[in-house]
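First comes the structure, then the notes that go with it.
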Amino acid sequence: MMGSENQGFEEAHLFASREEMENLVLDEPLSNHSSNNNNHQNNNSYSSYRSATSSLSDTTHHPLSPPILATPADSDPLLSPPLYRNPNASDNNSYIEPPSYADVIFSPFDENSVNEINGLESTSQNPESSLTLSRSPSSSSDYIKITVSNPKKEQETTNSIVPGGNAYYTYLITTRTNIPEFGGSEFSVRRRFKDVVTLSDRLAESYRGFFIPPRPDKNVVESQVMQKQEFVEQRRVALEKYLRRLAEHPVIRLSDELKVFLKVEGRLPLATSTDVASRMLDGAVKLPKQLFGESTAVVAPHEVVQPAKGGMDLLRLFKELKQSVANDWGGSKPPVVEEDKVFMEKKEWIHDLEQQLSNASQQAEALVKAQQDMGETMGELGLAFIKLTKFENEEGRFNSQKVRAADMKCLATAAVKASRFYRELNAQTVKHLDTLHEYLGLMLAVHSAFSDRSSALLTVQTLLSELSTLHSKAEKLEAASSKIFGGDKSRIRKIEELRESIRVTENAKNAAISEYERIKENNKFELERFDKERRTDLFNMLKGFVVNQVGYAEKISNVWAKVAEETSGYANDSS
Amino acid sequence: MITAQRSLSGSSQSPRSPSSQPYLSVSVTDPVKLGNGVQAYISYRVITKTNFPEYQGPEKIVIRRYNDFVWLRDRLFEKYKGIFIPPLPEKSAVEKFRFSAEFIEMRRQALDVFVNRIAAHNDLQQSEDLRTFLQADEETMERLRSQETGIFKKKPADFMQILKDVQSKVSDVVLGKEKPVEESNPEYEKLKHYVFELENHLTEAQKHAYRLVKRHKELGQSLSDFGKAVKLLGACEGQALGKAFSELGAKSETLSVKLQKEAHQLLMNFEEPLKDYVRAVQSIKATIGERANAFRQQCELAETMKLKEINLDKLMLTRSDRVGEAEHEYRELKAESEEATRRFETIVRLMNEEIVRFQEQKTQDMGIAFHEFAKGQARLANSIADAWRSLLPKLEACSST
């Protein structure tokens, strides 16, 4: 799920030395650089928690948001740039060992890619990698880096009567890789969303049994309802995520389909997913022939490796449906059953996991919202007190008012600072907890892979049934014809045909069994990979979340401790 | 004298000085629900400790209810025009919160502060009504309380009228109405403007403070829910990672409790003082109204007196036999007019003193409130940091598996 760039396996070293920690502070914090304005905006679109992000990106009129505050911050003494942003500050070492996390400012997960979107080369080391467990120690040196950018509106050049024509968007897909199979180190193509759908469908056919990352939704409703700009941006982000996940998959990254998609300019040379109607038509054309035995009334071996509905072979569909009904309701056990107990247990466990992930993902979203609200309200409180401060200063007549104004300013400044911290904390939290959301999305792929397995098994079962039917037909015919001396020409011919069918079906059965076994292997491979990666990713999520919380809690605490100290005079007066 | 901004437990405040120094300290404690259904109300124990000679003894305990406090406030407002009478907590509008623990505690605290402010004020502490309030038995109190409701019921309407007058002199001129008599004191104008603006600013600040309390509660709730969900996920995962999740979930739930606690502290020690500040400003507005009344009276009487004087001169010239009567009337009127002037000037003098006292008091009150706020936030943030930090070694152990 996370970056596939690995600098080799590094032990998660939580208690790194101070210098190491300081070296990790790579980027200027968001608020201090106007050039980071874009980063701030783009970071927002990374998260799937829109409520959090939409207000994070709501920087145009909220006076508290750091990037816009550049001007007022200079002129308004109350909002002077925060002083804490010195990574080398040695104060507030609240924990002797390890160093204070307040000094470490973690840049967002995909900081590098954000820069790339803006055309900036990022050669900085990803801070996450040295602190987190990396997932694939073996493939440490090869990489594929994909970027999706530059959405452009284009016209459909088909022979449409309507002069305006259909407009659609294309995206520039840039790939950088050192994998030799790609035959190139950097290339770009333009693709539209339809192409992505095609890619996804072809992969699903070729890689049955694998956990193939699900493609972004078509979002038909949203594309009508949302602002075009926002929608296109959302889609761009989703596409990039999708392609990167494909590139991370150890098997799929080397697929022809992906290669072709990423590299071949112009029209995408993959078979488009023909619409359902025409496939139905094909199937309907075949059916009568099959029923009346004019063509081989069997499934050809090469077709067997496709799921039934993919090929829209109606007869086959009927047969397999019949078989599945027999499996479920029939008295006798099907000839081959899912016997792998381990697999069955795993399947159930996955189901449970999915529920827990869903639940946790929901609560994570609520948590993010609560943190967001806290930051906002804190900021508003600060603003209200700033107004009060100005008011008392302007209209004050007594010294006591001046003192009060100063106290209010102290509180207000702290509240504004704390508010900023809450928002930053939240931006990071969103990224960390997004892992839950992503794994939830991956569940679709898992279900898909499992259903590939079941449908392959069903095919095998169907063929076995058919085989046994054919055999018994053949036996009957032979028994009958043996009674007639000299044989019945037509009957003999029929027996020959049957024998031929049996042979073909036998081949098909063998092919189906190989396919089934292959898919089982894929499932196994993927489950192992899934286990390992999931554990790593979730662990990193936990750590990232916790470290983040600690760091910002310390910062916030410092801010308020200062105020408490400055107002400590009042404490002495009361009890 | 003790300011008693935050008497948290309501325990009686013992005098700091030996009995030779005059002291009067009060505590409002022990809220108890009495009565049934719609008639139900809360009663408080009011304990007075004093060595003032006018009082019956060193200690007296009486039972009072909210309306008794209202009676006291109204009496003081009538008798001590010009002084900013300490504000009372509002009657709760929402029925269902009337008996919630939080509301009762907030009200008790506010009532305690109310009485102690009166006790601490050099003029107000001499009030006979205060003595009655602190010492009279319950029957007497009930009688007095029901007596007054008739007369003072119109107060809110009166009050509104006064405010309208103060604020709408322009519209009156436009409408051709008789221009209400107003002071033409620029300093005072500034003060009035300040008071009205201040209320707006403070109300906004208080609103945000209240919202902040809510946010703490919400964050606490979401941490609790998150913790539970994470624990379940951990149970599913099992092994070291599962354990890590469980620990995270447990910490999350712990922090949830801390957040709820801090929400309560915030409510009592920050939001309530701000609300109290708003109420105090509203009390000042009431005094402003009284001053306007007094000024108008003084002017009217002065006018009437002048007319009477002119009339008297006329009568004297014509040697009317009504001169004596007119003289008598004139003298009476003069006395009244002088009285009205005196009253007005007293109010002006008192207000000037009060405003200084008010500003100082508020700086003090706010300083304490800010201090508590900052302390609470720092404490909370530290708890959060500590809790999460304690997880790190456990995560470290996880990673090595």
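The values are calculated or read from the model by the stated rules, or taken from the named source; none is laboratory data. Bear in mind the structure is a predicted one, so any value in this text is a computation, not a measurement. A quick note on method: Cβ atoms are made from the backbone with ideal geometry, for glycine too, and the neighbour counts reach across all protein chains shown.
Below, the figures for the structure above:
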read-out: Criterion: within 44 Å of the chain's Cα centre (by Cα), touching a residue at least 12 places away in the same chain (Cβ under 8 Å) and loosely packed, with under 14 Cβ neighbours inside 10 Å - qualifying residue of B:Arg291, B:Arg349; value: B:Arg349
read-out: Residue match in the stretch A:259-282 (condition: in contact with a Leu (Cβ under 6 Å, 6 or more places away or on another chain) and either at pLDDT 90 or above or over 20 Å from A:Ala445 (Cβ atoms) (or both)); value: yes
read-out: Members of the stretch A:390-416 found to be buried (at least 24 other Cβ atoms within 10 Å of the Cβ), within 18 Å of B:Val195 (Cβ to Cβ) and more than 9 Å from chain B (Cβ to nearest Cβ), listed by number; value: none
read-out: Those strands (runs of 3 or more DSSP E) lying entirely in the stretch A:106-210 with at least 3 residues modelled with pLDDT of 90 or more, in the same structural domain as A:Ala553 (by the TED database) and more than 19 Å from A:Lys259 (Cβ to Cβ); value: none
read-out: Filtered residues of the stretch B:348-375 (kept if facing chain A (nearest Cβ under 7 Å) and over 19 Å from A:Met408 (Cβ atoms)); value: B:Val356
read-out: Condition broken by A:Ser514, with the remaining ones in (1) more than 10 Å from chain B (Cβ to nearest Cβ); (2) under 19 Å from the mean Cα position of the chain (by Cα) satisfied; value: (2)
read-out: Among residues of the stretch A:234-264, those that are assigned to a helix (DSSP H, G or I), among the β-branched types (Val, Ile, Thr) and touching a residue at least 12 places away in the same chain (Cβ under 8 Å), counted; value: 2
read-out: Qualifying residue in the stretch B:116-128 (condition: touching an Asp or Glu at 6+ places or on another chain (Cβ under 7 Å), in a helix (DSSP H, G or I) and buried (at least 21 other Cβ atoms within 10 Å of the Cβ)); value: no
read-out: Residues of the stretch A:436-458 satisfying the condition of being of a type in the set (Gly, Ala, Ser) and over 26 Å from A:Ser361 (Cβ atoms); value: A:Ser454, A:Ser455, A:Ala456
read-out: Residues of the stretch B:48-69 that turn out to be assigned to a strand (DSSP E or B) and under 20 Å from the mean Cα position of the chain (by Cα), as a count; value: 2
read-out: Near pairs, Cβ below 7 angstrom, 6+ apart or cross-chain, from the stretch B:313-335 (in the same structural domain as B:Gln298 (by the TED database) and under 26 Å from B:Gln297 (Cα atoms)) to any residue that is in a helix (DSSP H, G or I) and charged (D, E, K, R); value: B:Glu329/B:Lys308; B:Tyr330/B:Lys308; B:Tyr330/B:Glu309; B:Leu333/B:Lys308
read-out: The one condition in (1) without any contact (Cβ under 8 Å) to a residue 60 or more places away in the chain; (2) farther than 22 Å from B:Gln361 by Cα; (3) surrounded by fewer than 23 Cβ atoms within 10 Å (Cβ to Cβ) that B:Ser222 fails to fulfil; value: (3)
read-out: Number of the condition not met by B:Gln260 [criteria: (1) closer than 21 Å to B:Asn200 by Cα; (2) modelled with pLDDT of 95 or more]; value: (1)
read-out: Test set (1) surrounded by fewer than 19 Cβ atoms within 10 Å (Cβ to Cβ); (2) facing chain A (nearest Cβ under 7 Å); (3) under 30 Å from B:Phe270 (Cβ atoms) - B:Arg379 fails condition number; value: (2)
read-out: Checking B:Glu253 against (1) within 11 Å of chain A (Cβ to nearest Cβ); (2) within 30 Å of A:Gly544 (Cα to Cα); (3) in contact (Cβ under 8 Å) with a residue 12 or more places away in the chain, the condition it does not meet; value: (1)
read-out: Considering residues of the stretch B:382-401 that are free of Cβ contacts under 8 Å to residues at least 24 places away in the same chain and within 7 Å of chain A (Cβ to nearest Cβ) only, the residue farthest from the chain's Cα centre (by Cα); value: B:Ser399
read-out: Only one of A:Val342, A:Val368 that is β-branched (Val, Ile, Thr) and within 9 Å of chain B (Cβ to nearest Cβ); value: A:Val368
read-out: Residue pairs meeting the criteria (Cβ under 6 Å; at least 6 apart or on separate chains; first buried (at least 18 other Cβ atoms within 10 Å of the Cβ), in the stretch A:461-474; second hydrophobic (A, V, I, L, M, F, W, C) and outside any helix (DSSP H, G or I)); value: A:Gln461/A:Val336
read-out: Residue within the stretch A:445-453 that is assigned by the TED database to the domain that holds A:Ala511, without any contact (Cβ under 8 Å) to a residue 60 or more places away in the chain and under 20 Å from B:Gly376 (Cβ atoms) present; value: no
read-out: Residue check, A:Arg493 out of contact with any strand residue (DSSP E or B) (no Cβ under 8 Å at 6 or more places or on another chain), crowded, with 18+ Cβ neighbours inside 10 Å and among the basic types (Lys, Arg); value: no
read-out: All positions within the stretch A:517-574 that are more than 8 Å from chain B (Cβ to nearest Cβ), without any contact (Cβ under 8 Å) to a residue 40 or more places away in the chain and within 30 Å of B:Ala369 (Cβ to Cβ); value: A:Glu565, A:Asn572
